[in-house]
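A.B. asks: Following this message is one structure expressed as structure tokens.
The numbers here are math on the coordinates, done by the rules we state, and not lab data. As the structure is a computational prediction, the values presented were derived from the model and not from experiment. For neighbour counting, all protein chains shown are included, and Cβ atoms are generated from backbone atoms with ideal geometry for every residue, glycine included.
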Amino acid sequence: MSNDVDLSLLDPILKKYQSQEGALITMLQELQAVYGYLSEVVLTHLSREVKVPLSQIYGVVTFYAQFYLTRRGRNIIRVCRGTACHVRGGSRILEAVEREVGITEGETTPDLEYSLETVACIGACALAPTMVINEKTYGKLTPKKVMESLSRKDRKEREVE
Amino acid sequence: MSEEKVAVSTSGMRVVIVCQGTGCVSSESPEIREALEKGIAQQGIGDTVQVKLSGCHGYCEQGPIVIIEPEGVFYCRVTREDVPEIIECHLKNKKPVERLFYRDPGTGEAVAYYNDIAFYAKQQRVILRNCGHINPETIDDYLAVGGYEALRKALLGMTPKEVIEEVKRSGLRGRGGAGFSTGVKWEFCHNSPGPGKYMICNGDEGDPGAFMDRSILEADPHSVIEGMVIAAYAIGSGEGYIYVRAEYPLAVKRLRLALKQAEEHGCIGERILGTDFNFWVHIMEGAGAFVCGEETALLASIEGKRGMPRPRPPFPAQSGLWGKPTTINNVKSLATVPVIISRGADWYSSIGTEKSKGTAVFALTGTIANSGLIEVPMGATLHQIIYDIGGGIPRGKAFKAVQIGGPSGGCLPESALDLPIDFDSLSGAGAMMGSGGMVVMDETTCMVDTARYFLSFTQNESCGKCTPCRLGTKRMLEILTRITEGKGVEGDIELLVELAEEVKDSSLCGLGQTAPNPVLTTIKYFRDEYEEHIRNHKCPAGVCKALIAYYIDPGKCQACMICLRQCPVEAIEGGKNLIHVIDQDKCTKCGTCLSVCPPRFNAVKVISGEPVPLPPSATEREVTRARGEGR
């Protein structure tokens, strides 16, 4: 799989930030936007080009929650674990999602359909408990609403296909 | 309120303001705006009615919100289906749609005007002054409310020293949590020698349960930029950064737009307002690390490194970003600066208490009737905030605690409700202002579980650099976890307190120094709850899964099949006329049965600290009912 990575996609990003001090995090963000995740091949190439040791890059990538070293699902489910959501039953929402899609937090389904993550707070506390699927926020959830929104999503997608 | 009392303007231009804050956007407010624009065009009234977007009004609980000016009529929980009626009745026939008015939860009375709603009437909005009233995507709206006047006043009429003096005199203290004097901070940096100083806006709002920085950046980005340029002028900086959480894409988008417009209007960039002062701003998106809210960690993150804090001194004012003198201010502090310059230090310092001047913004959430963003003068009591503005606890539940200041703050009990809140009174009570998260908890919240929740957050976000925080929080979390699992032992509470004090005293940065606060305050105010868990294996609030069981009271069960059908693991057994019984071995304690059992039956109980009663015998389980009875 690693061989078919198109490394030329890196060039414009490298060019843009070449002279900028401390642009590593911004570069990683843009690389991830292009490739979907940060593979070893991409990071090794980056390390050579910007002359920063791979170990240091790895240190930065693993420090921040938003960088991913493995491929992620087509749909990203983020369940909010903020305080307001916790107080209004957020842990039961996470359990319901886990039951519905059959994976636990931090995992991706084998068919790459879903990745399940938790976030510290999405800042929509008045709608607690909440989750976000891709870009859409679902608020005032109950375990039942979770089941409905996930199965409705599936149905819609099947119709599209 | 009867319709006749609602005055509707009959002439002039009317503005329909649709909230596009994050809360309302997630309940389809962009579609409502689109439908309004389309409908108004179709009706041919576009020349007298204008549709405008605004940022967050703070009353997210009632979203999506639509306001019609100049009359100030407030419509809440609007849907796309309501749009034709608003256009036909209100905009064309001048008759407001009473059905969409806000209803006072206490009196049930409909309230037509924005300013009459208790939630707003009892607030004093200084930092949030423009939020919800102006379109954050056009600079003209900001200019129309006096925007960039303060910058003009500072740059053309005041020396940097005079600006610093004014801010010092105002008594403004940093709204990021610690409450250090903003003016003094600027003075340090101003007095540090050398060119190449940096001015940084900290928008890395990581506290779960706080969203005020996000709302300000989304609803009024220019006020933050204006405050930042004034600060840069005061300290003598030519370059700055706004560090925003990457989880806030809308805030980033509106900031970029605002920066571009500010540059076009000569309020940022080269030769600002025609003077010799130059200042450039970059936006840096965070990559998801809570600790980056800490000053020195944030600087490391901008430099492209792991966001780990370093010991101070040297303070950033002496040696900050790339070794240059740097000032870091919170979004709310910067948004306050233009008002202080415009209206003067005397006006600002007349608000608030002796040592905490001005207002405080809180994100009021949890089990409370009116969730949202609120602003009150320092010195307001918790009772005023929770009951007068927040509308109290819904569903007839009793108040238990209020958590203030997020993972760094503490849980305060009912006895603290009359406490006038400011920076110092909160620290005295064991909590802190923090970023201003205020989460209300009712009787169904377990305080041990709450402490465990916050600690699991801080433990997870601990960067690992210093030992007390890395290992101390881990050990504390292990103890709390075992208590919630019913495996706590005598001496655990004392051990927790000992560890907490150590971690507090010896951690390197604010994260570790404040992480024990939720544990210490819950032990201080709710010690009996810890003891119940440890001694009697009982969770009085019925939350800790290992210590509870769900049970259907056979005397109350109407065999209605609702819980039986909805149980996700098919653990409920019974039939149409057969009283339902939960199979305790299959039950995953998800609580679905409790939440779906109709309140008039109220048959599902949470049992803790005692054995589950045996199910009734087969003959006792049959329900005989007359026709039409039951479901």
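A.B. asks: Can you quote the Å³ per residue value for the convex hull of the Cα atoms in region B:116-167, rounded to an integer?
C.D. replies: Given the Cα convex hull of region B:116-167, per-residue volume reads 109 Å³.
A.B. asks: Still on this structure, please answer the following. Around B:P338, with a cut-off of 11 angstrom between Cβ atoms, what is the net charge of the other residues, counting Lys and Arg +1 and Asp and Glu -1?
C.D. replies: Local net charge: +1.
A.B. asks: When the Kirkwood radius is taken over all Cα pairs of the protein assembly as shown, what Stokes-Einstein diffusion coefficient follows at 37 °C and 0.692 mPa s, in µm²/s?
C.D. replies: 116
A.B. asks: Pop the C-beta distance of B:L257 and B:K605 into the FRET formula with R0 = 60 Å and round what comes out to the nearest 0.05.
C.D. replies: With a Förster radius of 60 Å, E is 0.65.
A.B. asks: Moving to a separate point now. Using the Kirkwood formula over every pair of different C-alpha atoms, what hydrodynamic radius in Å results for region A:55-133?
C.D. replies: After inverting the pairwise mean of 1/r, the radius is 13.4 Å.
A.B. asks: For region A:1-128, with the dipole built from +1 on Lys and Arg beta-carbon atoms and -1 on Asp and Glu ones, taken about the Cα centre, which of A:V42, A:I122, A:I57 lies farthest toward the positive end?
C.D. replies: A:I122
A.B. asks: If N is the number of residues in region B:205-322, what value comes out of its Cα radius of gyration divided by 2.2 N^0.38 Å?
C.D. replies: For region B:205-322, the normalised Cα radius of gyration comes out at 1.10.
A.B. asks: Just grab the label-to-label distance for A:S47 and A:K145, each label 7 Å out from Cα along the Cβ direction, in nm (one decimal).
C.D. replies: 4.6
A.B. asks: Any chance you could list P(r) for chain A, counting all Cα-Cα pairs in 10 angstrom bins from zero, rounded to whole %?
C.D. replies: Binned Cα distances yield the sequence 10, 33, 27, 21, 9, 0.
A.B. asks: Can you find, among B:M212, B:H265, B:P311, the residue sitting farthest towards the positive end of the charge dipole of region B:139-348, where Lys and Arg contribute +1 and Asp and Glu -1 at Cβ?
C.D. replies: B:P311
A.B. asks: Given 10 Å bins starting at zero, what is the percent of C-alpha pairs of region B:75-233 in each, up to the one with the largest pair distance?
C.D. replies: Going out from 0 Å in 10 Å bins, region B:75-233 shows 8, 25, 31, 18, 12, 5, 1 percent.
A.B. asks: Next question, about the same structure. Return the Rg/Rh ratio of chain B with Cα-based radii and a Kirkwood Rh.
C.D. replies: A ratio of 1.02.
A.B. asks: Roughly how many nanometres apart are two label points built 7 Å out from the Cα toward the Cβ at B:F188 and B:D140?
C.D. replies: In this crude label model, B:F188 to B:D140 measures out at 4.4 nm.
A.B. asks: Along region A:118-130, what does the Karplus equation 6.51 cos²θ - 1.76 cosθ + 1.60 (θ = phi - 60°) give for ³J(HN,Hα), rounded to whole Hz, x for Gly and Pro?
C.D. replies: Residue by residue, region A:118-130 yields 10, 10, 5, 5, 9, x, 10, 4, 5, 9, 4, x, 10 Hz.
A.B. asks: Suppose every Lys and Arg Cβ carries +1 and every Asp and Glu Cβ carries -1, with no other charges. What dipole size does the protein assembly as shown come out with about its Cα centre, to the nearest 20 debye?
C.D. replies: That gives a dipole near 300 debye.
A.B. asks: Relative to the first principal axis of the alpha-carbon coordinates of chain A, what is the inclination of helix A:143-160, with its axis defined by its Cα atoms, in degrees from 0 to 90 and to the nearest 10?
C.D. replies: Value to nearest ten degrees: 60.
A.B. asks: For region B:3-116, what is the number of Lys pairs with C-alpha distance below 17 angstrom, counting only pairs 8 or more positions apart or on separate chains?
C.D. replies: 4
A.B. asks: Which of B:S26, B:S342, A:S19 has the fewest other C-beta atoms within 10 Å, and how do the rest follow up to the most?
C.D. replies: A:S19, B:S342, B:S26
A.B. asks: Any lysines with Cα under 17 Å of the A:K15 Cα? List them, leaving off those in the same chain fewer than 8 positions away.
C.D. replies: Within the straight-line cut-off, A:K15 pairs with A:K51.
A.B. asks: Subtracting the Cα-Cα distance from 0.36 nm times the residue separation, let me have the gained length for B:S349 to B:E414 in nm, one decimal.
C.D. replies: Taking B:S349 through B:E414 to full extension adds about 20.4 nm, to one decimal.
A.B. asks: May I ask you to sort B:S408, B:S608 by Cβ crowding, counting other Cβ atoms within 10 Å and putting the fewest first?
C.D. replies: Lowest to highest Cβ neighbour count: B:S608, B:S408.
A.B. asks: In addition: Given a Förster distance of 60 angstrom, what is the FRET efficiency for B:W280 paired with B:Q584, based on the Cβ-Cβ distance and rounded to 0.05?
C.D. replies: 0.35
A.B. asks: What FRET efficiency do you get for B:R169 and B:R312 if R0 is 25 Å and r is their Cβ-Cβ distance, rounded to the nearest 0.05?
C.D. replies: 0.40
A.B. asks: What ranking of A:S39, B:S27 emerges when the number of other C-beta atoms within 10 Å of each C-beta is taken as an exposure proxy, fewest first?
C.D. replies: Taking fewest neighbouring Cβ atoms as first place, the list is A:S39, B:S27.
A.B. asks: Suppose we keep just the alpha-carbon trace of region B:13-121; what are its Rg and Dmax in angstrom?
C.D. replies: Answer for region B:13-121, Rg first and Dmax second: 13.0, 40 Å.
A.B. asks: Shifting gears a bit: Okay, which of region A:80-114 sit inside 19 Å, backbone N to the point 7 Å along the Cα-Cβ direction of A:N134?
C.D. replies: Within reach of a label on A:N134, which here means backbone N under 19 Å from a point 7 Å along Cα→Cβ, region A:80-114 contributes A:80, A:101, A:108-114.
A.B. asks: Shifting gears a bit: Using the charge dipole of chain B (Lys, Arg: +1 at Cβ; Asp, Glu: -1 at Cβ; taken about the Cα centre), state which of B:P611, B:P568, B:T521 has its Cα farthest towards the positive end.
C.D. replies: Final value for the positive-end residue is B:P568.
A.B. asks: For region B:269-428, what is the Kirkwood estimate of the hydrodynamic radius, computed as the reciprocal of the mean inverse distance between distinct Cα atoms, to one decimal in Å?
C.D. replies: 19.0
A.B. asks: Compute the projected area of the convex hull of the Cα atoms of region B:447-536, averaged over all viewing directions, and report it in nm² to one decimal place.
C.D. replies: 4.8
A.B. asks: Relative contact order, percent, of chain A when contacts are C-alpha pairs under 8 Å separated by at least 6 residues?
C.D. replies: The normalised contact order for chain A reaches 19 percent.
A.B. asks: Please list, or write none, the lysines whose alpha carbon is within less than 22 Å of the alpha carbon of B:K185, excluding same-chain residues fewer than 8 places away.
C.D. replies: B:K185 reaches B:K153, B:K161, B:K168, B:K197, B:K324, B:K332, B:K355, B:K357.
A.B. asks: Let me see the pair-distance distribution of region B:359-442: every alpha carbon pair, 10 Å bin width, integer percents in order.
C.D. replies: Computed distribution, short to long bins: 20, 61, 18, 0.
A.B. asks: If you average the sequence gap of Cα pairs under 8 Å that are 6 or more apart and divide by the length of chain B, what percent do you get for the contact order?
C.D. replies: 11
A.B. asks: Just subtract the alpha-carbon distance of B:K474 and B:A398 from 0.36 nm times their residue separation and send over the number in nm, one decimal.
C.D. replies: 24.1 nm
A.B. asks: Could you please report the charge total around A:L54, scoring K, R as +1 and D, E as -1 over all other residues with beta-carbon less than 14 angstrom from its beta-carbon?
C.D. replies: That works out to 0.
A.B. asks: In this model, which of B:K487/B:K605; A:K145/B:K556; B:K400/B:K474; B:K538/B:K605 are farther than 19 Å apart at the alpha-carbon?
C.D. replies: In this structure, B:K487/B:K605; A:K145/B:K556; B:K400/B:K474 lie more than 19 Å apart at Cα.
A.B. asks: Can you give me the relative contact order of region B:42-142 as a percent, contacts being Cα pairs under 8 Å and 6 or more apart?
C.D. replies: 31
A.B. asks: Once the cut-off is 26 Å, how many percent of the Cα-Cα pairs in region B:139-348 end up in the long-distance tail?
C.D. replies: So the portion of pairs separated by more than 26 Å is 27 percent.
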